[in-house]
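Chemist: Have a look at this one before I ask anything.
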Amino acid sequence: MNQFLDLPALLILDVQNGFDDPFWGERNNHDAEQNMARLQKEWRKRKGHIIYTKHLSLLPDSPLHYKNKHGTEFKDLVKPFSNEMVYTKNVNSGFIGTELETYLKANQIVSVVITGLSTQHCVSTTTRMSANLGYQTFLVEDAIAAFGITDHKGVYHDAASIQEHELAMLQKEFATIVTTDEILNELGQLKV
């Protein structure tokens, strides 16, 4: 791969307890959080920038509603350290209403590695905006997860299909699609 000149920022989007709620329905890639934790561990070892977003929904029925303390808390597996950046938001993009772009510019970060939940919501939206803002964007396909949805015609699309289609739409124009192992192998070529 050899695509990194410097260590990109690692983005971990909305990995919150509320996504374990049955409200969301069928989910794919149950290893996503484990893969995020592997990346998080490597970034911490390298003292890299790790940035988290936390979704605080304004919709009262959402398991991520801002008043739902348990639902909005980060999952234990990827919980941020106190010195790591956390941006809260109530829209899908990690860039809207946050200081994410300001932070990236201030730290001269030109590339990001995106992980998180869920593929068709905040992950896709943040990935698109990242590319549109000019960042070299890597999306880690096995460190994200999608949920099944019913479309406007009443047709159900399973989580695996949603994931596959989102990745197909994001690849090349918005992101380089990679795996956790590919990222870790690439980092192995950079000095710690």
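The values are calculated or read from the model by the stated rules, or taken from the named source; none is laboratory data. Quick caveat: nothing in here was measured; it's all calculated off a predicted structure. Here the Cβ positions follow ideal geometry from the backbone for every residue, glycine too, while neighbour counts run over all protein chains shown. Just the protein is used for accessible areas: all its heavy atoms, side chains included, with ligands, DNA and RNA removed. Shrake-Rupley method; radii C 1.70, N 1.55, O 1.52, S 1.80 Å.
Chemist: When both residues are 6+ apart or on different chains and their Cβ atoms are under 7 Å apart, which pairs have a first residue that lies in segment 79-98 and is without any contact (Cβ under 8 Å) to a residue 12 or more places away in the chain and closer than 14 Å to L56 by Cα, and a second that is open to solvent by less than 80 Å² (accessible area, probe 1.4 Å) and of a type in the set (A, V, I, L, M, F, W, C)?
Modeler: G97/V91
Chemist: Then there's this: Report yes if D142 is of a type in the set (D, E), open to solvent by 60 Å² or more (accessible area, probe 1.4 Å), at pLDDT 95 or above and over 24 Å from G97 (Cα atoms), otherwise no. First the steps, then the outcome.
Modeler: Numbers: of a type in the set (D, E): yes; open to solvent by 60 Å² or more (accessible area, probe 1.4 Å): no; at pLDDT 95 or above: yes; over 24 Å from G97 (Cα atoms): yes.
No: the conditions fail for D142.
Chemist: Quick check on T53: is it in contact with a Lys or Arg (Cβ under 8 Å, 6 or more places away or on another chain), open to solvent by less than 20 Å² (accessible area, probe 1.4 Å) and without any contact (Cβ under 8 Å) to a residue 60 or more places away in the chain?
Modeler: No.
Chemist: Here's another thing I want to ask about it. Yes or no: segment 62-73 includes at least one residue that is assigned to a loop (DSSP other than H, G, I, E, B), acidic (D, E) and in contact with a helix residue (DSSP H, G or I) (Cβ under 7 Å, 6 or more places away or on another chain). Steps first, answer last, please.
Modeler: We begin by selecting, within segment 62-73, every residue assigned to a loop (DSSP other than H, G, I, E, B); these are 62-64, 66-68, 73.
Those left that are additionally acidic (D, E): 73.
Then keep just the ones that are in contact with a helix residue (DSSP H, G or I) (Cβ under 7 Å, 6 or more places away or on another chain); that gives 73.
Checked against the condition, which is being assigned to a loop (DSSP other than H, G, I, E, B), acidic (D, E) and in contact with a helix residue (DSSP H, G or I) (Cβ under 7 Å, 6 or more places away or on another chain), segment 62-73 yields at least one hit.
Chemist: Tell me yes or no: at least one residue of segment 102-109 is open to solvent by 50 Å² or more (accessible area, probe 1.4 Å), touching a residue at least 60 places away in the same chain (Cβ under 8 Å) and of a type outside the set (D, E, K, R).
Modeler: Within segment 102-109, one or more residues are open to solvent by 50 Å² or more (accessible area, probe 1.4 Å), touching a residue at least 60 places away in the same chain (Cβ under 8 Å) and of a type outside the set (D, E, K, R).
Chemist: Restricted to segment 83-101, and to residues that are open to solvent by less than 60 Å² (accessible area, probe 1.4 Å) and among the polar types (S, T, N, Q), which residue is nearest to the chain's Cα centre (by Cα)?
Modeler: The qualifying residue nearest to the chain's Cα centre (by Cα) is S93.
Chemist: Something else about it: Pick from segment 105-161 the residues that are among the hydrophobic types (A, V, I, L, M, F, W, C) and part of a helix (DSSP H, G or I): which of them is nearest to the chain's Cα centre (by Cα)?
Modeler: So the residue we want is V123.
Chemist: Quick check: is even one residue across segment 47-56 over 24 Å from M129 (Cα atoms) and part of a loop (DSSP other than H, G, I, E, B)?
Modeler: yes
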